[in-house]
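The values are calculated or read from the model by the stated rules, or taken from the named source; none is laboratory data. Quick caveat, the model's predicted, so the values are computed rather than measured. In this analysis, Cβ positions are derived from the backbone assuming ideal geometry, glycine residues included, and neighbour counts consider all displayed protein chains. Side chains are part of the model used for accessible areas, which takes the heavy atoms of the whole protein and leaves out ligands, DNA and RNA. Shrake-Rupley method; radii C 1.70, N 1.55, O 1.52, S 1.80 Å.
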Amino acid sequence: MYQDYIFDLYGTLVDIRTDEERTSLWRKTARYFSLQGAPYGTAEIKRRFEELVDEKERQLALRMNMPRRDVEIKLEEVFRKLFREKGVKPSKRQVFDAGLFFRSESLCYIKLFPGAKNLLERLKAAKKGVYLLSNAQRIFTEPEMRMLGIYDLFDGILYSSDAGVKKPSLLFFDALFGKFGLDKQTAVMIGNDWAADVGGAHAFGMESMYVHTKQSTPLLGPLPEDCRKLNLIGEVFRFGQ
């Protein structure tokens, strides 16, 4: 029935919880930057991080003439700015390492949902196209996918941080389809978010599958007719044939 399967990541294939409000996260991040020659206090670095995110989101939304809710900045730019404001000109490696340290300290846990990797492997074995369309930061997500052993199971990946937009923006869907030459008539979107995944796919004119997980936002209305509700992620293979 479908040739190409487009997956959301967090909350769909990956079970994750992060906490960016923990004082220990900001204390350790301040110490990390200070050891790199960019001295920060705990409250100072949290405040400045949030201010820079806010500033860059507003600038990007204005530049792209889009609602702020639809844009996605690159957090590398924030980490780079944090260094530069203290007189440090960081290398790309320093920025990457700072971002990875921040993510590691904010993670409470991360793991695959049962059956997720097996599903991807079965789709690949069946010669199906497997793609990722994720509201995510490449600086965090690519290392996590490699750690979980699923990065190489995708034929194509598009992160919102690279595209500058995120689901449910139709520009994000269009960017994926344009980049990899996909056909919405033979593709299906699989996700756990009623608005971003299902709503975005429906507005784009493609079918979808919805799986409710503990990371899902509440259903704000009925699923569209072109969406199939799943009990488990592993059902994607059975219903896609």
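A compact table of results
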{"item": "Every pair of residues 6+ apart whose Cβ atoms lie under 6 Å, when the first sits in the stretch 1-28 and is over 28 Å from Tyr131 (Cβ atoms) while the second is in a strand (DSSP E or B) and at pLDDT 95 or above", "result": "Asp19/Cys108"}
{"item": "Residue check for Pro168: more than 16 Å from Tyr5 (Cβ to Cβ) and touching a His at 6+ places or on another chain (Cβ under 7 Å)", "result": "no"}
{"item": "Qualifying positions in the stretch 58-73 - open to solvent by 30 Å² or more (accessible area, probe 1.4 Å) and either part of a helix (DSSP H, G or I) or over 12 Å from Lys166 (Cβ atoms) (or both)", "result": "Arg58, Gln59, Leu62, Arg63, Met64, Asn65, Arg68, Arg69"}
{"item": "The lone exception for Thr29 - which of (1) part of a helix (DSSP H, G or I); (2) open to solvent by 60 Å² or more (accessible area, probe 1.4 Å); (3) hydroxyl-bearing (Ser, Thr, Tyr) it fails", "result": "(2)"}
{"item": "Odd one out for Tyr40, checked against (1) in a helix (DSSP H, G or I); (2) open to solvent by less than 80 Å² (accessible area, probe 1.4 Å)", "result": "(1)"}
{"item": "Flag if Thr42 is of a type in the set (S, T, N, Q) and under 20 Å from the mean Cα position of the chain (by Cα)", "result": "no"}
{"item": "Selection from the stretch 1-55 of residues that are β-branched (Val, Ile, Thr) and either closer than 30 Å to Gly181 by Cβ or out of contact with any Lys or Arg (no Cβ under 6 Å at 6 or more places or on another chain) (or both)", "result": "Ile6, Thr12, Val14, Ile16, Thr18, Thr23, Thr29, Ile45, Val53"}
